[in-house]
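Working notes for the structure below.
The values are calculated or read from the model by the stated rules, or taken from the named source; none is laboratory data. Keep in mind it's a predicted model, so treat the numbers as computed, not measured. Ideal geometry is used to build each Cβ from the backbone, glycine not excepted, and the neighbour counts take in all protein chains shown.
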């Protein structure tokens, strides 16, 4: 029988995250610091807006681009926060989470053999989606010494005549790193110099602590070459609603909409109604969640450092990224033995790229008391194997 699976799909390994979730699901009394999902329920007013949408019979397709109401609200939201202007009709697209938006962006711009520069560690889908689109991911390793921020010099060194785009995601999953405006300007200069598109995944844009998030599209001369990706999953605790967006110049957005038309049709209707409520009245809930995440952030970072697991200070998202190599175990053995011996689930850093070797990802989007218990268990584990 001939090979029935395409080479580009067969060549991509399964997600390195799922294996630990699957093992943890078979065990009792596991404290999960693994899954990157808010533990908060969607705020009540947003929930009720979605429920009313269903009760009012809003169960049909919307426009391919999303409801006009949501795109108008989103346009105003981006203008208020970051001073970037997008035409709701031609430059905004509502998607099924940011995952779809990323797929659309890469499918719309990548031809076979095109190269996309991807700083790592990064979200597990980045290099896979480049490959699925027929492109070649060109990985650039970031370092803890640089705060896991990619530098302009690193990106410049990775550019070749086949480079089409740069794909960045800050605040970063898995490291919690936030790029400074100065570092982003370095990336912008490289993009300008080589006429590159920048895909900027800013799904964690509101989850920052003691620093400001810089929207890449708001940098000088970057609007016209940026595909901005964002959504509601993390900021508003709406992962299950599957609602995201893409913002880009008309030509790029139009190409993405074409793929979206044939692939998805439209994002969930009731979720779009809930997203309108989130943009109009969800700010208070966002700030409450950010305050609590910050409290947990300080607990877990301080706790891990005190246990001899060096952890740089994450300034965004809800992840800590401690170095575990000093334990004498690599990141995979550390994660596996911690799960089986102490029932704490973390994710090996190498699941997010080779630059994550020697680290594990600990998600602090979980209850404060559970984090305290997890630190006690990790402490026992480290002392036992010290």
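At a glance:
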| item | result |
| --- | --- |
| Some residue of region 333-343 being outside the structural domain of residue 128 (by TED's automatic domain parsing) and outside any helix (DSSP H, G or I) | yes |
| Residue within region 198-221 that is under 20 Å from residue 111 (Cβ atoms) and at pLDDT 95 or above present | yes |
| Answer residue from region 333-348, given it is under 26 Å from residue 127 (Cα atoms) and out of contact with any helix residue (DSSP H, G or I) (no Cβ under 7 Å at 6 or more places or on another chain) and is surrounded by the fewest Cβ atoms within 10 Å (Cβ to Cβ) among those | 333 |
| One residue from 30, 9, 41 being in contact (Cβ under 8 Å) with a residue 40 or more places away in the chain and surrounded by 15 or more Cβ atoms within 10 Å (Cβ to Cβ) | 30 |
| Among residues of region 356-372, those that are out of contact with any helix residue (DSSP H, G or I) (no Cβ under 8 Å at 6 or more places or on another chain), in contact (Cβ under 8 Å) with a residue 40 or more places away in the chain and either in a helix (DSSP H, G or I) or not assigned by TED's automatic domain parsing to the domain that holds residue 23 (or both), counted | 1 |
| Selection from region 272-295 of residues that are in contact (Cβ under 8 Å) with a residue 12 or more places away in the chain and over 14 Å from residue 207 (Cβ atoms) | 272, 273, 274, 275, 276, 277, 278, 279, 280, 281 |
| Matching residues, region 88-100, being under 18 Å from residue 37 (Cβ atoms) and either at pLDDT below 95 or outside any loop (DSSP other than H, G, I, E, B) (or both) | 97, 98, 99, 100 |
| Residue within region 170-177 that is at negative phi, in contact with a helix residue (DSSP H, G or I) (Cβ under 7 Å, 6 or more places away or on another chain) and either in a helix (DSSP H, G or I) or not assigned by TED's automatic domain parsing to the domain that holds residue 297 (or both) present | yes |
| Residue among 326, 294 that is surrounded by fewer than 16 Cβ atoms within 10 Å (Cβ to Cβ), out of contact with any helix residue (DSSP H, G or I) (no Cβ under 8 Å at 6 or more places or on another chain) and over 21 Å from residue 66 (Cβ atoms) | 326 |
| Lone unmet requirement of (1) surrounded by fewer than 21 Cβ atoms within 10 Å (Cβ to Cβ); (2) within 20 Å of the chain's Cα centre (by Cα); (3) part of a helix (DSSP H, G or I) for residue 351 | (1) |
| Flag for residue 14 being free of Cβ contacts under 8 Å to residues at least 40 places away in the same chain and under 27 Å from residue 263 (Cα atoms) | yes |
| Enumerated strands (runs of 3 or more DSSP E) restricted to region 194-297, each holding at least 1 residues that are under 29 Å from residue 370 (Cα atoms) | 226-231 |
| Region 108-150, residues that are surrounded by 18 or more Cβ atoms within 10 Å (Cβ to Cβ) and either part of a loop (DSSP other than H, G, I, E, B) or at positive phi (or both) | 110, 121, 122, 123, 124, 133, 135, 142, 147, 148, 149, 150 |
| Test: residue in region 60-68 that is without any contact (Cβ under 8 Å) to a residue 60 or more places away in the chain and in contact with a helix residue (DSSP H, G or I) (Cβ under 9 Å, 6 or more places away or on another chain) | no |
| Matching helices (runs of 4 or more DSSP H) fully within region 1-87 where at least 1 residues are touching a strand residue (DSSP E or B) at 6+ places or on another chain (Cβ under 9 Å) and at pLDDT 95 or above | 68-82 |
| In region 224-238, residue surrounded by the most Cβ atoms within 10 Å (Cβ to Cβ) [restricted to those that are within 14 Å of residue 99 (Cβ to Cβ), touching a residue at least 60 places away in the same chain (Cβ under 8 Å) and touching a strand residue (DSSP E or B) at 6+ places or on another chain (Cβ under 9 Å)] | 231 |
